[in-house]
1. Which listed residue (Met1, Phe18, Ile262) has the Cα farthest towards the positive end of the charge dipole for the chain, taking +1 on Lys and Arg C-beta and -1 on Asp and Glu C-beta about the Cα centre?
2. Could you give the distance between the Cα centres of region 375-450 and region 326-374, to the whole Å?
3. Starting from the Cα of Trp52, step 7 Å along the direction of its Cβ; do the same at Leu82; then give the gap between the two resulting points in nm.
4. With every protein chain left in place, what is the accessible area of Leu206 in Å² (1.4 Å probe, nearest 10)?
5. Computing the accessible area with a 1.4 Å probe over protein heavy atoms, can you report the carbon and sulfur percentage for the chain?
6. Among Ile423, Gln391, Ile518, whose Cα sits farthest toward the positive end of the charge dipole of the chain (+1 at Cβ of Lys/Arg, -1 at Cβ of Asp/Glu, about the Cα centre)?
7. Given +1 on the Cβ of Lys and Arg, -1 on the Cβ of Asp and Glu, and no further charges, what dipole in debye does the chain carry about its Cα centre, rounded to the nearest 20?
8. Probe of 1.4 angstrom, ligands and nucleic acids ignored: what's the accessible area per residue over the chain, in square angstrom?
Amino acid sequence: MRLKEKIAWFLAMGGLLFFHFYRLHLYALNFPNWGDDYAFLELLDYVHQHSWKENVAYIFHFHNDIHRIAYSRIWILIHYALGGNLNFKTAIILANVQMVLILIPFHRFLQKIKRSSWHLVGIACLLFAPFGNLDNFNLIGTLQHTGSILFLVWIAYGLFYEENAIWVIILALFYPFVSTEGIAFLPMVGYVLWTKKSPLKIPFTLLALGVVLLYFHDYVGTASSSGQVSWTLIKGLFIFAGNWALPISDSFRAWFNLLAGIPVLIFFTWRILGSLRINITFPSLLFLQILATGFLICYGRASMGDLELIALSDRFLLYGNTMLVAIYSSLIIHKQQTLQLSWALLLSGTWIIASFFMARRPLLEMNQRWTADLLGAYYFQSSSAYECPPQTMQLLKSPYYEFDRQEIPIQFPDFHVQKTSQISPFISRFQDGRLSLSWNQLPEKNSSSDQRFLVLKQAGTPRKKYYIASLSNDYADRVKHSNMLIYNTLTISHFQVFLLNLPKNQYPTYQYLSPLTITN
């Protein structure tokens, strides 16, 4: 590269990284965004009360009956040891450095196959496409799933371009303790080592068997799958393989993903079996592991609800971005079939721009949901987003965590019934503790930057209880709706409903809407 070209390359890469971390700063909150995030506060609480032997055992203990997230727990303990507390926003931003580390093996890969370094810009455009990074705004998500991609890419690269390196074997053996799909990757690593006649093949095979036995030696979880391979499972797998598709239609998103997954499966089947013999490369190994991950997710969660919605979950979108990167890498690995650099940059650049616009609305609504849960926890000591027992909520008062005062309104209103025209929801549904309300007569927002929430104040009880949830679809001329969890509701509960408006850097205001009676 000439000097001017190097400067342009660094500016392009720097711009991609800057905007990724700027979005994290803009939308992430110092708050446990999912119920799983509280597990990190539980971890800190545990290690302060037990011996180092018990703490080591706890680090490798199961999370949610199946996952051994030792990597995430070790990462949190290091973060806490260095910072003195657990700031979720800081931890999320630091954990996203893994995204930068994922680029390193791809850069080395380009050097090995003697391709232009500008291809790394194309790869980075696909990897950092904003819509596929929604999970990176959650601490548990970025540590477990981004961590999984980090280990996958480094191990796959090392198997083909750093042959017989001990660090590859160490990473592969530890991969199951990053995320459960690492178990599925062990046979693939073994296959590559045996086909390459590596001197490490026998030691790795024995150690891998030991890791599997260690992983499941005290497994007592209950199976959630029906244990059958059905069309629903296959459909879910196709949808997972097509998770790179942008949501141009909410109504047909599952079908678009399914149709997007089919050509990916055909493409890599041709790449692997096209020469009438198995030919596994660095990109195709990425594909095989993502496909195996999708199968484990769909098979393991087949009886846990709508499999289409599970496969489309935000937490799995980064696997879709990685699938695109695998396709890109496969198109440039063979010199005679190389995708031209100009076309590669044009397509990947167009993709990240389209992904940016697709991500704006879900990012705003995600931030609003997290803000609602933050306000509920800070002011009302409850969560309306997911079931959170009182003893878990008490962890927010531990010395390991502090609310960020900049994320809390300067003053919060005391909700009183006002003599105004009532605005009642036109749809009210309460099922399994989940209350759904819809509104088509609410006044529009004064500013697009305002955040609006629904507050339910329980009436007729000695100790008033509040529930707060975000107001979704809060755009002009749209039907607004809100969902909240009220899992301790009485047989018949009477509430007063308020609309809370939170302007940026201003005092919050509220409007009384209507009374509401919920019948269980």
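1. Met1
2. 33
3. 2.1
4. Rounded to the nearest 10, the figure is 110 Å².
5. It is 60 percent, rounded to a whole number.
6. After comparing all options, I get Ile423.
7. On the way: 39 positive and 28 negative charges, 237 e Å.
My answer is approximately 1140 debye.
8. Details: 24590 Å² over 520 residues.
Value for the chain: 47 Å² per residue.
The values are calculated or read from the model by the stated rules, or taken from the named source; none is laboratory data. Remember, predicted model here, so these are calculated numbers, not experimental data. Here Cβ is always computed from backbone atoms with ideal geometry, including for glycine, and neighbour counts include all displayed protein chains. To get the accessible areas, we keep the full protein, side chains included, count just its heavy atoms, and leave off ligands, DNA and RNA. Shrake-Rupley method; radii C 1.70, N 1.55, O 1.52, S 1.80 Å.
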